[in-house]
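Report on one structure; see the data block that follows.
The values are calculated or read from the model by the stated rules, or taken from the named source; none is laboratory data. This is a predicted model, so every value here is computed, not measured. We place every Cβ from the backbone using ideal geometry, glycine too, and count neighbours over all the protein chains shown. What goes into the accessible areas is simple: the full protein's heavy atoms, side chains included, and nothing from ligands, DNA or RNA. Shrake-Rupley method; radii C 1.70, N 1.55, O 1.52, S 1.80 Å.
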Amino acid sequence: MNEEILVALGRLEGKVDALITRQSLIDEELGRQEKRIRTLEQSKSWVLGAAAMVGGAVSLIIKFVKLED
C-alpha cells in the first residue's frame, strides 16, 4: 500500500513538473505575441494619424484654391 502511494505521488510530481514547464513555454509565447500585437497597433495608430493630417492638409489646400477662384 505504501509503495503504491509513493508511485502515485511520483507520477503526480512528474505531471506537475510537466505542467509547470508547459506553462512557462506558453507564457513566453504569449509575451512574444503581445509584443508583436503592440507593435502592429502602434504602427496602425501612426498611419491613421498621418492619414488624418494629410486629409486635413488636403482639405485646407482645396479650401484655399476654391477661395482664389
Report Ile20's accessible area, 1.4 Å probe, all protein chains in place, as a number in Å² to the nearest 10. 100 Å²
Given the options Gly56, Ala18, Leu40, identify the residue whose Cα lies farthest towards the positive end of the charge dipole of the chain (+1 on Cβ of Lys, Arg; -1 on Cβ of Asp, Glu). Gly56
Taking only the alpha-carbon positions of the chain as identical scatterers, the Debye log10 I(q)/I(0) at q = 0.15 Å⁻¹ comes out as -0.74
Against the longest principal axis of the chain, how steep is helix 2-68, in degrees 0 to 90 to the nearest 10, with axes from Cα atoms? 0 degrees
Size of the dipole of the chain about the Cα centre, Lys and Arg at +1 and Asp and Glu at -1 on the beta carbon, nothing else charged, in debye to 20? 460 debye
Taking the Cβ of Gln33 as the centre, find all other residues whose Cβ is under 15 Å away and add up their charges (Lys, Arg: +1; Asp, Glu: -1). -1
Write down the accessible area per residue of the chain in Å², having rolled a 1.4 Å probe over the full set of protein chains. 97 Å²
